[in-house]
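A quick write-up on the structure given underneath.
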Amino acid sequence: MRTHLTDDMLVEALDGLGSAEVRRHLGACPECAARLDEVRLGLEMAQAAEVPEPPPRYWEVFRRQVGRRISEEAPARRAVAFWLFPALATLAVLIALGILRGPNASQPGEPAVTLPAWSALPPAEEDEGLEVLQALAAEGDPLDAALPPQTVAGELSQLSDEESEVLADALRHELTGGEAL
Amino acid sequence: MTVDALAIPVGLAAAGPPRDAVARGLREDDREAIEACRQGEREAFDRLVERYQRDVYRLCYRYVNNHQDANDMAQEAFLKAYRALSRFRGDSAFSTWLYRIAVNTCLNFRAARRVPQEELSEHLADGGAGVAERMQEDERSAQVRKAVARLPEKQRATLILKIYHDLTHEEVARVLGASVGTVKANLFHALGNLRKLMGV
């Protein structure tokens, strides 16, 4: 092995798991051997550091405290579960209703608009002819202006429904020679 | 250094807790206790606490370096373990799973509190020599613990689990969610940095 040992290899050697090749290299390479000695020294220091042992009774108290905290937590979790399920069920229903009504659902307080189930007309905002029609409506009936009042058609257009009916009966009588149609 | 001298295992695990405290697979008594807990027998969890409280406390102590915080962290770790018990799949030792919870608890605690002592960079300059020789044994222990607490997070976690809790490289890797190669590299640097921090 020509190159120096990697950190992994040195750790394995420290653990007594180095291969024969690694051992041979360590025997022949002072640099790698020195690195191994350094980490071994670090290991010995680490091993010498003990954690102060608490008094024997501490462990019993510790266990009791953990047990108490679990006991305190358990009813709280049950209580949460008690109201959480109906709340979630209600929320689910509301969400489902919201989805069914869709994004065009009317806002609260806004009068509900009854729309026909189907219309051949495009929506107002997309109707290009709407503006023209509204302008014409503002100017009055175009037929009124087109027909002069002194013509037959002009006179007919001035008749009320009742007068139109009387006229229609008279014409019918003339056409049939007094026989009923 | 001779080849023969290297053949003797130095024993990275020599300073760890008793072997029976560290399971390589799911212990039968742990399995029984866990099953009982899942059936609603809360007292069964007491048995798990009793079995692992020392290890978890010590692990936490190595992290936070004082009794009060170690006590709080250890309790918190057990509480989290109890809450998450239904999610423990049993494909590793209970201790490995518990250590992972404890390490995360300590890491979160340290992140939240941001320990006053400055953490060292990954690579340290050599310190002065001869300091360790002048210390008394207990002072020396305290000094080493302080030095361990100053190691970068990953190095510290690796060193604590490997040296003080006798976990294999593979187990440490599982606890920390790292590769075995990373664990070995972190251990190497942790030991080197510890030596430097101690001024040797």
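Amide H contacts of A:CYS29 (H built 1.01 Å from N, in plane; Pro and chain starts excluded): no residue 5 or more places away or on another chain comes under 5 Å. Kirkwood hydrodynamic radius of the stretch B:48-90, from the reciprocal of the average inverse Cα-Cα distance over all distinct pairs: 10.7 Å. In order along the stretch B:38-49, phi translates into HN-Hα couplings of 5, 7, x, 8, 5, 4, 5, 5, 4, 5, 5, 4 Hz, rounded to whole numbers, per the Karplus curve 6.51 cos²θ - 1.76 cosθ + 1.60 with θ = phi - 60° and x for Gly and Pro. Listed by chain and number, the lysines whose alpha-carbon sits under 16 Å from that of B:LYS196, ignoring those within fewer than 8 places in the same chain, are B:LYS146. Overall shape of the stretch B:24-116 was characterised from the C-alpha gyration tensor. The equivalent ellipsoid obtained from it has semi-axes of 25, 12, 12 Å, in decreasing order.
The share of alpha-carbon pairs in the stretch A:7-48 lying farther apart than 14 Å comes to 44%. Inter-chain neighbour count for A:61-69: the average number of beta-carbon atoms from partner chains within 10 Å of each residue's beta-carbon is 6.
Taking the average, over residues, of other Cβ atoms within 10 Å as the packing measure, peptides B:55-63, B:143-151, B:29-37 rank B:55-63, B:143-151, B:29-37 from highest down.
Coordinate-derived values only; no laboratory data. Because the structure is predicted, anything quoted here is derived from the model rather than measured. Quick reminder, even Gly has a Cβ in these numbers, built from the backbone with ideal geometry, and neighbours come from all protein chains shown.
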